[in-house]
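Undergrad: Handing you this structure, nothing more for now.
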Amino acid sequence: MSEPIAQELAALAARHEGGQPEAILAAAAERFPGRVALACSFGVEDCVLVDAVGRARLPIEIFTIDTGFLFAETYALWSRLEERHGVRIRAVKGDAPAVVPAGEPPPWERDPDACCDVRKVRPLRATLAALAPTGAWVTGIRRDQTPDRAGARVFEWDARFGLAKVNPLVAWTSEDVWRHARAHQVPTNPLHDQGYPSIGCAPCTSPVRPGEDPRAGRWRGREKTECGLHVRPAGGEPRR
């Protein structure tokens, strides 16, 4: 990343810190015309962003990483969001098969990090490579979700994927997101009402008990808390 880009992103981050997602998305669309895409995983945060893009008719592409193992409720929400806003959420898939061969242990049990890498990280890397280095990707991450996300900024450089990263909801709390979703009647995943605050692939996501961390249901029983898309080391730059 060049020094001028670093300074520009820092200035954008400072200008839009605490701003509304619609304004941040509009700024991203203006700064990266034709080269900005929203990565949607169908959590409530991403649903809020899809709603904002759709209502404002912003020129931002929307895509999702379809691992083939999403919940049925997630696929239904995908269709509902497209129908409501007249948008297309493009499916991005990896090379790994979506069917586990008979007699073999499932990949998420054998090596969950490798499973996430081939089904999520590699497809995302290939998608973002088409935007790099002059484009940007939009995410729904928040600082209070995990320690790896605590240092995220509204606009920042993603050294791992080699392009700008836009996080319109980064300063919001979960309560802020849900308040906005209810106020705008944003469609969300019904699993949220069944004890799933964080929803990923069906085999690796379980309900969260009262008092647990919101991501305790992801890869339960393991130290793993991230699929690898937003992991950051202590120094602040994303891990390569």
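A short reminder: the numbers here are calculations on the coordinates, not readings from a lab. These numbers were taken from a predicted model, which means no experiment stands behind them. A quick note on method: Cβ atoms are made from the backbone with ideal geometry, for glycine too, and the neighbour counts reach across all protein chains shown.
Undergrad: Could you run the Karplus curve 6.51 cos²θ - 1.76 cosθ + 1.60 with θ = phi - 60° over the stretch 54-71 and give me ³J(HN,Hα) per residue in whole Hz, x for Gly and Pro?
TA: x, 5, 8, 6, 6, x, 10, 5, 10, 9, 9, 8, 9, 6, x, 10, 6, 5
Undergrad: When the dipole is taken about the Cα centre of the stretch 1-89, and only Lys, Arg (+1) and Asp, Glu (-1) are charged at their Cβ, what size is it in debye, to the nearest 20? Write down the numbers at each step before the final one.
TA: Working: 8 positive and 13 negative charges, 51 e Å.
With only Lys, Arg, Asp and Glu charged at Cβ, the dipole is about 240 debye.
Undergrad: Using 7 Å Cα-to-Cβ label points, what is the ARG209/LYS224 separation (nm, one decimal)?
TA: With each label point 7 Å from Cα toward Cβ, the separation is 2.2 nm.
Undergrad: List the residues, sorted by chain then number, that are 5 or more residues from VAL36 or on another chain and whose placed amide H is less than 5 Å from its amide H.
TA: For VAL36, whose amide H was placed from the backbone, the distant partners under 5 Å are GLU61, ALA136.
Undergrad: Spelling out what I want: for every residue of the stretch 149-155, take phi, set θ = phi - 60°, compute 6.51 cos²θ - 1.76 cosθ + 1.60 (Karplus), and round to whole Hz; glycine and proline get x.
TA: 9, 5, x, 5, 10, 4, 10
Undergrad: Between ALA129 and ILE5, what is 0.36 nm times their sequence separation minus the Cα-Cα distance? Round to one decimal in nm. Intermediate values should be presented prior to the final figure.
TA: Working: separation 124, 0.36 × 124 = 44.64 nm, distance 1.80 nm.
Result for the pair: 42.8 nm of gain on full extension.
Undergrad: From the phi of every residue in the stretch 188-205, what ³J(HN,Hα) in whole Hz does the Karplus formula 6.51 cos²θ - 1.76 cosθ + 1.60 yield, where θ is phi - 60° and glycine or proline is x?
TA: Result, rounded to whole Hz: 9, 6, x, 5, 4, 7, 10, x, 10, x, 10, 10, x, 6, 4, x, 10, 10.
Undergrad: What does the charge dipole of the chain about its Cα centre add up to, to the nearest 20 debye, if the Cβ of each Lys and Arg holds +1 and the Cβ of each Asp and Glu holds -1?
TA: About 180 debye.
Undergrad: How much length is gained on full extension from GLU83 to ALA56, taking 0.36 nm per residue of separation minus their Cα-Cα distance?
TA: Gain on stretching GLU83 to ALA56: 8.2 nm.
Undergrad: Let me ask you something else. Rounded to the nearest 500, what is the chain's calculated 222 nm mean residue ellipticity when only DSSP H runs of at least 4 contribute -39500 (n - 2.57) each, over all residues?
TA: Details: 8 runs with 79 residues, N = 240.
Value at 222 nm, helices only: -9500 deg cm²/dmol.
Undergrad: Here is a further query. Sorted from largest down, what three extents in whole angstroms do the Cα atoms of the chain have along their principal axes?
TA: Its Cα atoms span 54, 38, 35 Å along the three principal axes.
Undergrad: Just for the chain, what percent of DSSP beta bridges are antiparallel, to the closest 5?
TA: So the antiparallel bridges amount to about 30 percent of the total.
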